[in-house]
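Every read-out reported here was derived from the displayed coordinates using simple, explicitly stated rules and does not represent laboratory data. Predicted model only: the values in this text are computed from it and were never measured. Backbone-built Cβ (ideal geometry, glycine too); neighbour counts: all protein chains shown.
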Amino acid sequence: MTTIAFIVAAYLIGSLSFAVIVSRVMGLADPRTFGSGNPGATNVLRTGKKAAAALTLLGDGVKGWVAVVLAQWLGPRFGLAEPEVGMVALAVMAGHIWPLFFGFRGGKGVATGVGVLAGFHPLLALGAALIWAAVAFSTKISSLAAIVASFFAPFLAFWLCGPGVYFGSTVVIALLLIQRHKKNILNLLAGTEGRIGQKAK
């Protein structure tokens, strides 16, 4: 029962879609109604409000980190170990992608994924973020940066965390993120993918 409670709590934390919350508080349009339709920082940035995009990025990242760290900190008191922490990590990702509070229409999970990786190992998140930044800076395409970072994240996890639960969880998260970018991959192949900062239509 304790494991289920932690998983449910992580899912509910993940269900806090900061793109929608921040947009409502700042009087912006629902990010699911314009641009890519994705409730994430990149789409919020299409409103031209950098502060809103930054708050979205921060909120989505922190919730992934908080869910994992709380499970690591409180888990041992209730008999939870790394396998349960891995479940919590996947639960907070599921909450972000299919949020209970927002009609199960969530984001792709990039920022939340980085937050989760930070909970596994700070250097793992830093490495993934640096790969994302390098690709994003050179191409101005956020989706491509996320796909490339997702591809390399499991290799970093294996190097930093070893062939254990955190590595396995990172593989699942990477596959999930790449799958969530399926439409973006098709747009990239067609040469129609939007660029960072591009105004919303």
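Before moving on, here are some points about what is shown:
- Förster radius 30 Å - calculated FRET efficiency between A81 and L126 (Cβ-Cβ, nearest 0.05): 0.75
- Cβ-defined net charge surrounding A71, 12 Å radius [Lys, Arg +1; Asp, Glu -1]: -1
- Among the chymotrypsin sites (Phe, Trp or Tyr not before Pro) found in the range 98-141, those both in a DSSP coil and sparsely packed, with 15 or fewer other Cβ atoms within 10 Å of their Cβ, are F104.
- Projected-area mean, the range 25-102, by convex hull of Cα positions, square nanometres: 5.9 nm²
- The number of Lys pairs in the chain with C-alpha atoms less than 24 Å apart, excluding pairs fewer than 8 positions apart on the same chain, is 24.
- Inter-label distance, nm, simple model (7 Å from Cα along the C-beta direction), F34/T2: 4.8 nm
- Highest mean packing first, where packing is the average number of other Cβ atoms within 10 Å per residue, the peptides 24-31, 156-163 line up as 156-163, 24-31.
- Residues of the range 11-38 with amide N under 11 Å of a point placed 7 Å along Cα→Cβ from F101: 12-22
- Shape class of the chain from the Cα gyration tensor (axes a ≥ b ≥ c, square roots of the eigenvalues): oblate, since a/c reaches 1.5 or more and a/b does not exceed b/c.
- Charge sum, other residues only, whose C-beta stays under 15 Å from A146's C-beta, Lys/Arg counted +1 and Asp/Glu -1: +4
- Residue-averaged 222 nm ellipticity for the chain, from DSSP H runs of 4+ at -39500 (n - 2.57), nearest 500: -22500 deg cm²/dmol
- Using R0 = 22 Å, the C-beta based FRET efficiency linking I21 and W73 works out to 0.30.
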